[in-house]
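Scroll down for the structure; my scribbles are underneath it.
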Amino acid sequence: MHARYSTPQITLHWLSALLVLTIIALPYGSDFFAPFLGGEGGVFTLHKSLGLTVLLLTLLRVVVRARHGAPQLLPTDARFQQFAAKAGHALLYLLLLAMPLTGLIFGKRPVNLFWLVEIGPLPLADGTRALAKQFHVTAQYLLFALILGHAGIALWHHYARRDGVLHGMLPVAKPR
Ligand code: HEM
Ligand code: HEM
């Protein structure tokens, strides 16, 4: 049997991936989504609500990760690959926390969470808000690069190396 992530980790990974891609698509495809969401305000209400959901899911993932650990999917002697994978995953986790946190910090108006309850704004100085906004709109490019690299490497393992790394994060094990 090949090593795999636990079912909660796999579920949280794919749910977060879907949410993050939607969160990114919303502001960039604003013209397309706005008519379905009652205007541009609605686009950002959904962007923020899903973003805060990702923050919660990521906190949960970190707890689950601390309990379950991660399976050894790469060969034990592939030292550089091991290091690069760890660093890449750590950066992804960091951004999955930093993006929603900075979003929450820089908003001046309350977030209308899923059109249900209003939260915030946080009582912060204008300088802090400006810094958080700068981070939010700049770090998105680091996030894009990491996601593209991450998915690209996963597909390279799957189709070129055929080593079962992708199956470690899929609900089905690699057939023998
Ligand atoms: C995983 C979570 C998040 C990701 C990946 C993300 C990503 C992005 C991206 C890619 C943009 C487009 C920036 C641009 O137009 O250049 C953006 C804009 C924005 N985000 Fe987020 N975001 C996240 C969470 C949040 C949260 C939780 C909030 C607020 C509570 C928020 C508030 C905003 C606002 C207000 C803008 C518009 C900024 C502007 O004035 O250009 N975001 N975000
Ligand atoms: C928004 C998109 C994505 C994000 C934010 C993301 C994030 C992450 C994170 C943080 C981990 C580390 C899990 C841990 O060790 O606790 C991980 C692992 C993994 N992801 Fe993703 N992921 C995304 C999309 C994808 C896609 C599209 C694929 C496949 C094409 C993929 C395949 C994998 C695989 C195979 C692993 C396990 C790698 C290993 O442990 O060596 N991910 N992902």
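The values are calculated or read from the model by the stated rules, or taken from the named source; none is laboratory data. All values derive from a computational prediction rather than experimental measurement. Cβ sites come from the backbone with ideal geometry, for glycine too, and all protein chains shown count toward neighbours. Each accessible area value is taken on the protein alone, full model and side chains, heavy atoms only, with ligands, DNA and RNA left out. Shrake-Rupley method; radii C 1.70, N 1.55, O 1.52, S 1.80 Å.
Out of region 119-148, which residues are open to solvent by less than 60 Å² (accessible area, probe 1.4 Å) and in contact with a Phe, Trp or Tyr (Cβ under 7 Å, 6 or more places away or on another chain)?
Across region 119-148, the qualifying residues are Arg129, Ala132, His136.
Can you pull out every residue in region 1-45 that is out of contact with any Lys or Arg (no Cβ under 9 Å at 6 or more places or on another chain), part of a helix (DSSP H, G or I), under 19 Å from Phe144 (Cβ atoms) and of a type in the set (Gly, Ala, Ser)?
Ala17, Ala25, Ser30
Looking only at residues in region 81-118 that are open to solvent by 60 Å² or more (accessible area, probe 1.4 Å) and of a type in the set (A, V, I, L, M), which one is nearest to Asp163 (Cα to Cα)?
Per the criteria, the residue is Leu91.
Are any of the residues in region 43-64 among the polar types (S, T, N, Q) and more than 27 Å from Arg109 (Cα to Cα)? I'd like the intermediate steps shown before the answer.
Of all residues in region 43-64, those among the polar types (S, T, N, Q) come to 45, 49, 53, 58.
This time we only want the ones that are more than 27 Å from Arg109 (Cα to Cα), so: none.
The answer is no, given that none of the residues of region 43-64 is among the polar types (S, T, N, Q) and more than 27 Å from Arg109 (Cα to Cα).
Quickly run through region 6-30 and pick out the residues that are closer than 20 Å to Leu46 by Cβ, of a type outside the set (A, V, I, L, M, F, W, C) and open to solvent by 50 Å² or more (accessible area, probe 1.4 Å).
Thr22, Tyr28
Taking region 84-119, which residues are near ligand 1 (Cβ under 9 Å from one of its atoms), more than 16 Å from Leu56 (Cβ to Cβ) and among the aliphatic types (A, V, I, L, M)?
Correct list: Ile105 only.
Which members of region 149-162 meet the condition of being out of contact with any Leu (no Cβ under 8 Å at 6 or more places or on another chain), surrounded by 12 or more Cβ atoms within 10 Å (Cβ to Cβ) and not small (Gly, Ala, Ser)?
The answer is Ile153, Trp156.
May I ask you to list the residues in region 46-78 that are assigned to a helix (DSSP H, G or I) and more than 18 Å from the chain's Cα centre (by Cα)? Give the derivation first.
Going residue by residue through region 46-78, those that are assigned to a helix (DSSP H, G or I) are 46-68.
Listed by number, the residues that qualify are Arg67, His68.
Within region 59-80, track down each residue that is open to solvent by 70 Å² or more (accessible area, probe 1.4 Å) and of a type in the set (Lys, Arg). Full working, then the answer.
To start, the set of residues in region 59-80 that are open to solvent by 70 Å² or more (accessible area, probe 1.4 Å) comprises 59-60, 63, 65-68, 72, 76-77, 79-80.
Listed by number, the residues that qualify are Arg65, Arg67, Arg79.
What pairs come up if the first residue lies in region 76-88 and is farther than 16 Å from Ala151 by Cβ, the second is away from ligand 1 (no atom under 16 Å from the Cβ), and their beta carbons are under 6 Å apart, counting only those six or more places apart or on different chains?
Between residues of region 76-88 that are farther than 16 Å from Ala151 by Cβ and residues that are away from ligand 1 (no atom under 16 Å from the Cβ), the close pairs are Gln81/Leu74; Gln82/Leu74.
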